[in-house]
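Below is one structure, written out as C-alpha cells; the observations come after it.
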Amino acid sequence: MKRVKVIFVLAAFQVLLLFNCGGNSLRSIEQYDVAYIVEATTMNYFLIPEVTGQRVAANTQDQLVENDRFGRYVPALAESWVVSPDNLTWTFRLRPGQFWVDSTGAKTDYEITADDFVEGFRYVADPANGIRNLWAVCTVIAGLDDYYYSLVDSAAGLITDRSREQLLGSFDGSVGVRAADRYTVVYSLKQATPFFLSYLTMELFFPVEKAFLDRMGQDFGTAADRLLYSGGYYLSTWQRDKEIILTRNDHYWDRQHITARTVQLQKVTDAAAELAMFMRGELSSATLSAEQVQAITDTSNREKAVLTDLSSVTSWWHPNYASANPEFAAFIRNQNFRKALFYGIDHEALLSLDDPVNPAGLVRSTIIPEGYCFDEQGRDYTDYPGVREWRQAGNPYDPELARQYFAKAVVELLDETGHIRGVTPGVVDLRPVAEFAADGRLPLQLVYVHSAESRSTAAARRFQAMMLEVFGADNIEIVLGQFVADDYSEAILPNRYDLLYSSFRFAYADPLAQFGRIVELGGRLNVAVDSAAARQSAGFSDPELRELINRAAAETVLSSRYELFAQAENLMLDRAYLIPFRAGGGAYSLSKVVPYTMPRGGLGLARFKLKGLRLEREPLDVGRVTELQAAFEREMAAAVAGDR
C-alpha cells in the first residue's frame, strides 16, 4: 500500500512539474504530430486490423462519399449519385481526371475510374485474400453471398464441376458491382437499403488499380512504395515501430481542405513519455492516463484537460462459447452462470482506470450505440422499448444478485459428488496464452486474456480481484493470459481464451452492423445462424433469437426493422449472451486541435479522417472547447434545418 502511494505521489509530481514548466509552442501549425501505440502489421487498406493502419488508410485513400463536419454524406471521389425508386440500384458518377499518386507524391499514369471500384470489390470478395469484414456486406450486395461461398466450397473440394478460375470469372455476371462506363459505378442490392451510403465508409469499398495490384502480388501494402494513393495524403515514410509520415497530396481533388501539410505518427507506448513530448512541443495532442488526471484534479491545471466525445466504438466482454477449457465450456452454456457474470462485473470500478472523475460516463450498456441509427421519423434506435431500459439502467453491477445466479448454476451443473457434469479431468493446453490442469470441480477455472499494455494488465488484475471478491476463491479462479499484438489472431481465431474484453467499431448505420459481427465472430457466438456447423461451434442454438434477427434483417421499413432488432437485443442482454461494457472515446487529453473542424462520422473509417483539421499554437482549455461546441451546435442545427 505504501508503494502505491509513493508511485501516485511521484506521478502527480511529474505531471505538475511538466505543466508548470510549460513547453515550446508547436513548431508549425501545418504539421500534426500524434502518438500511436500498436504498430500496423500491414498497410493493405482492405485488411488493416489495427487502429494505426485504419488511421493511415482513412487519410491516404478516398471513397465515393465522405462525411462533412456535420455528419452528412457528401461527394468525394464520386461527384454525384442517383438511387432507383425501389432503393435497389445505386449509381455513382466519378470525378473525371483524378489520378493515383505514388509514395513520393508523383502523379502516376493511372486514372481513378469505375473499374478501380469494381476491382477493389473483386479483391475483397475472394476468400483467398482473407478479408475479415466481408460478412458486413454479404447480405447487401446482390449475388455476393453465393459467389463468395462458391469459392469457399471450391477450396474445400466440394465443387468439382467448375474450376476456381471459372468461378472467379463469374464475378462480373453474378455480383452486383459493375462499371457502366469509365466514370460510372453501379451497385445492385439484394433488398432496399436506405442507409447504403453508410456502408461506403468501410474499407471494403476502397478502389484499387488492378495493374499495380497484380504487379505487387503478396507484397501489396507491405511498404509505402507498395501502394498507390487516392486520398488527401500519401504514405511517404513507414519505419516500423518508430514513425509513420503522411504528406499532403498536391494532386488531390479537394486539396484546399487538406490543411495540415504533414501528419507524423510516432510510436509512444508510455503515457508519461507522451505527455512529456507534448509539453516539449513534439506532439499536437496527448492522452492522459487516469493517474495523470488524478494528479491535476484539484489544481488550476484541471481546466487544461479536455474530455473527448464518446464514439460509436463499443467494448464488450466477449465469452467463448466454443472454449477448449471444458470447465468454462460447461458453465458458459448455462444461463444462470452467464447472468452471474453479467451482474458480477463492476463496470465503473474497471472504468475508473480510464476516467477517475466520472467512470459512469463511459458505461455503455447496449449492444448498439446511441446516436447513430435513426428511423424514418428521426427516432434513435436506442429509444425503442427493449433497448431504452438497458441504456437507462447503466452499470448492471449487483454482487448479491450475481451470487444468487452463480448458486443456481452450481446446482444445475454439478452432480452429487461435486463434479461438473460432462467434464473429463485433463490438461487444458492454450499455449502460449495459458496451460493448466482442469479437474472438473470447483473452483471454476476461467481464462481471461488481455494485452500486455499496462492499462489492460491493470484492468485484468482488477477483474481477477473482483471475481474473487464477488464469488469467492472456492467458486472461481481467474487464469490470466496475454496476447502480444492482436486479440483476434492470437486469441479468438486459435481459440485460446474463455473471456476477453475487446472493442468493436460500428461499421455502418444499422443494428445489423453489430448483430452481423456477433454472428461472424469465428462461430464463437453464432447463435443467430441456423446451421449444424454453427450450432456445433457455438455449443447451442437459440431459435427465438435466430428468428428475430432474421426477421429484422429482412425488414426494409426502418421503424419495423428497429422494433424487431430491439426485441432481439433485449433477448440477448436478458439471456446474457454478451456483456456491453464501454463506449469508445471519452478520454482526457491535452490538445492543440480545434474540435468540430473535421468530418463528423463515427462509422467505418470516417472517424479517423483529418480533412479540415485546424491546429492552434497553444492547448485549448475547457472553456474554449465549450464555446466552440456551442457555436458548432448552432451551426449544425441551422445546417439540418436547411436540409429539410
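The values are calculated or read from the model by the stated rules, or taken from the named source; none is laboratory data. Just so you know, these numbers come straight off a predicted model, no measurement behind them. We place every Cβ from the backbone using ideal geometry, glycine too, and count neighbours over all the protein chains shown. What goes into the accessible areas is simple: the full protein's heavy atoms, side chains included, and nothing from ligands, DNA or RNA. Shrake-Rupley method; radii C 1.70, N 1.55, O 1.52, S 1.80 Å.
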Next on the checklist: Just to verify a result, which residue in region 544-559, among those that are over 18 Å from E376 (Cβ atoms) and at pLDDT 85 or above, is most open to solvent (accessible area, probe 1.4 Å)?
Outcome noted: R551
Checklist entry - Does region 98-111 include one or more residues that are closer than 30 Å to L558 by Cβ and touching a Phe, Trp or Tyr at 6+ places or on another chain (Cβ under 6 Å)? => result no
Checklist entry - Taking helices (runs of 4 or more DSSP H) that fall entirely within region 108-165, which contain at least 3 residues that are closer than 20 Å to Q63 by Cα and modelled with pLDDT under 95? => result 135-138
Checklist entry - Applying the selection to region 274-300, what residues are closer than 19 Å to D354 by Cβ and not β-branched (V, I, T)? => result E274, L275, F278, S285, A286, L288, S289, A290, E291, Q292, Q294, A295
Next on the checklist: So, in region 415-431, exactly how many residues are closer than 21 Å to Y497 by Cβ and charged (D, E, K, R)?
Outcome noted: 2
Checklist entry - Since L573 meets every condition but one in (1) out of contact with any strand residue (DSSP E or B) (no Cβ under 8 Å at 6 or more places or on another chain); (2) modelled with pLDDT of 95 or more; (3) open to solvent by less than 20 Å² (accessible area, probe 1.4 Å); (4) assigned to a helix (DSSP H, G or I), which condition does it not meet? => result (1)
Item to check | Subset of region 155-173 (residues that are surrounded by 14 or more Cβ atoms within 10 Å (Cβ to Cβ) and either over 27 Å from N550 (Cα atoms) or in contact with an Asp or Glu (Cβ under 8 Å, 6 or more places away or on another chain) (or both)) | outcome: I159, R164, L167, L168, S170
Checklist entry - Inside region 154-189, can you point out the residues that are in contact (Cβ under 8 Å) with a residue 60 or more places away in the chain, over 17 Å from V124 (Cβ atoms) and not aromatic (F, W, Y)? => result A180, D181, R182, T184, V186
Item to check | Complete set of residues in region 338-395 that are β-branched (V, I, T) and either modelled with pLDDT of 95 or more or buried (at least 22 other Cβ atoms within 10 Å of the Cβ) (or both) | outcome: I345, V363, T366, I367, I368, T382, V387
Checklist entry - Just checking, how many residues over region 612-635 are open to solvent by 50 Å² or more (accessible area, probe 1.4 Å) and either in contact with a helix residue (DSSP H, G or I) (Cβ under 8 Å, 6 or more places away or on another chain) or farther than 18 Å from A305 by Cα (or both)? => result 6
Checklist entry - Within the set of pairs 6 or more residues apart or between chains, which connect a residue that is on the phi > 0 side of the Ramachandran plot inside region 556-577 to a residue that is part of a helix (DSSP H, G or I) with Cβ atoms less than 7 Å apart? => result A576/Q335; A576/R338; A576/K339; A576/L341; A576/F342
Next on the checklist: Anything in region 464-490 that is in a helix (DSSP H, G or I), closer than 26 Å to E348 by Cβ and touching a strand residue (DSSP E or B) at 6+ places or on another chain (Cβ under 6 Å)? List them, or say none.
Outcome noted: Q464, M467, D487
Checklist entry - Is at least one residue of region 176-186 within 21 Å of L47 (Cα to Cα) and either surrounded by 15 or more Cβ atoms within 10 Å (Cβ to Cβ) or modelled with pLDDT under 95 (or both)? => result yes
Next on the checklist: Considering only region 113-130, I want to know if a residue exists there that is open to solvent by 50 Å² or more (accessible area, probe 1.4 Å), more than 24 Å from the chain's Cα centre (by Cα) and farther than 29 Å from Y229 by Cβ.
Outcome noted: no
Next on the checklist: Among the listed residues Q482, Q514, Q536, Q464, identify the single one that is under 25 Å from N133 (Cβ atoms) and modelled with pLDDT of 85 or more.
Outcome noted: Q514
Item to check | Restricting region 52-96 to residues that are more than 24 Å from the chain's Cα centre (by Cα) and outside any strand (DSSP E or B), the residue that is surrounded by the fewest Cβ atoms within 10 Å (Cβ to Cβ) | outcome: P85
Next on the checklist: So P595 passes all but one of these: (1) over 19 Å from V65 (Cβ atoms); (2) outside any helix (DSSP H, G or I); (3) open to solvent by 60 Å² or more (accessible area, probe 1.4 Å). Which condition number does it fail?
Outcome noted: (3)
